[in-house]
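K.L.:
Sending over a structure as C-alpha cells; questions will come in a sec.
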Amino acid sequence: FCQPSGWQLFTERNPPTFFVAVLTDINSERHYCACFTFWEAVESAQPQSHPRNGEGEEEEEEPSSPVQPAQLFAPKSLVLVSRLDHAEVFRVS
C-alpha cells in the first residue's frame, strides 16, 4: 500500500507525496497509516566482467566509457502507524 504506482526507478525526481491508508485487523480495529514518500537518487550499478566462455579465463579490461549513465531516482517511504485518526497532525509534523 506504500507504493500505489509501484517500485520503479525514474530519471526525474518526483515531488513528495502524502496519503493516509486505513487498515482493519482481524479484531475489526482500525490502524491509520500516514505514508510520506520522497524520491532519493540511487547509484548506478557498475558493470561486472564475466568470463566469455565460462571457463574462468581472464578478460582484458575494457576501456572506460565517456558516456555517463543517467541519474535514477527511487521512491522511499516513511510510514507511521497509529490507532488514532489524526492524519492532519502527521501531515504537518
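K.L.:
For Phe36, what accessible surface area do you get with a 1.4 Å probe? Give it in Å², rounded to 10.
P.N.:
Around 80 Å² of this residue is reachable by solvent.
K.L.:
So how much accessible area does Asp85 have, in Å² to the nearest 10, using a 1.4 Å probe?
P.N.:
100 Å²
The values are calculated or read from the model by the stated rules, or taken from the named source; none is laboratory data. Remember, predicted model here, so these are calculated numbers, not experimental data. Each accessible area value is taken on the protein alone, full model and side chains, heavy atoms only, with ligands, DNA and RNA left out. Shrake-Rupley method; radii C 1.70, N 1.55, O 1.52, S 1.80 Å.
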